[in-house]
C-alpha cells in the first residue's frame with residue numbers, strides 16, 4: 001500500500017479502514033532550508049504519533065489553534081512557522097504576542113500527543129564536500145533531503161525496537177519538496193524489500209499537501225524551523241542575538257533524537273543504498289523497482 005486517498009476523509013478514519021494496528025505509530029516529517037541559499041543546513045524533522053495520539057492532536061488543534069489562524073489568499077487556515085513566527089503574509093496582521101500564542105498552543109498540543117521527536121540535519125557545505133570528492137555519491141546516496149529523511153526513519157524504527165513497542169509505521173511526508181521525486185523513488189524500493197520493511201516497521205508511506213485536513217504536519221514544521229533557527233543563532237552569535245526557548249520546551253520531557261549528518265555519513269548512506277538496491281537496480285532483498 002502506498003498512496004492513501006487523504007482527500008476523501010480524515011487521516012484518522014483511514015487508519016481504521018486500512019487496518020493499521022492500534023499500537024502502530026505514525027511518522028510525520030517536514031523539511032526546511034531546501035529553497036534558496038539562506039539556510040546553511042538542510043533539516044528533516046519528524047514526530048511519531050500513536051493512533052490515539054494523532055487523534056488527540058487533531059482535537060487540540062481544532063479546539064485551540066484553528067480558530068486563531070488567519071486565512072491565506074485561498075481562504076484556507078493553515079500554519080507555517082516560516083510565516084507565523086516572523087509575521088509574514090497572512091500572519092502580518094497579527095501582533096507578535098498573538099503569533100507566539102499560536103506557537104505556544106501548538107507546543108502544548110505536541111507535548112501532549114507525540115511519542116518521539118527526531119531532527120536530522122546536514123550542513124550544505126559538508127554534503128557539497130562529499131559530492132565533490134566523489135561525484136558518483138550524488139547518485140548513490142541521494143540528495144540532502146533523501147539522506148536526512150531515510151535517517152529519520154531509521155532512528156524512529158530503532159527507537160521503537162529499543163523500547164520494545166510493537167506495531168508498524170505509516171510514514172507521511174509533506175508534498176511539494178523540490179526533491180520529492182527522488183525521495184519517492186527510494187521509498188518505493190523500500191516498499192518492495194521485505195528486509196527493509198521489517199527494519200523500518202513499514203506499513204506504507206504517502207506524500208500529502210500541508211493543510212488543515214492533516215494538521216499533524218504542522219508539528220514537525222515547528223520542530224524543523226526551531227531547530228534550524230537554534231543552529232543558525234548558536235553558530236553566528238555576533239550576527240544573531242535571537243534565542244528562542246521553544247526548542248527547549250519541545251525537547252524537555254519528550255524523547256528527542258537530534259543528529260547531524262557528516263561528509264562521512266553521506267558515503268555510508270551511499271553504501272547502504274547500493275547494498276539494498278535503493279539507488280541502483282538489484283540489491284540484497286529484491287530491492288529493485290517493480
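Just so it is clear, none of the values below were taken in a lab; they were calculated from the coordinates. Just so it is clear, the structure is predicted and the values come from calculations on it, not from any experiment.
The figures follow:
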quantity	calculated
Calculated P(r) tail over 23 Å for segment 6-276, as whole % of Cα pairs	52 percent
Gyration tensor verdict on segment 194-240 (Cα atoms; rounded if a/c is under 1.5, prolate if a/b is larger than b/c, oblate otherwise)	oblate
Where N is the number of residues in segment 76-136, Cα Rg divided by 2.2 N^0.38 Å	1.71
Compactness of segment 113-219 as Cα Rg over 2.2 N^0.38 Å, two decimals	1.15
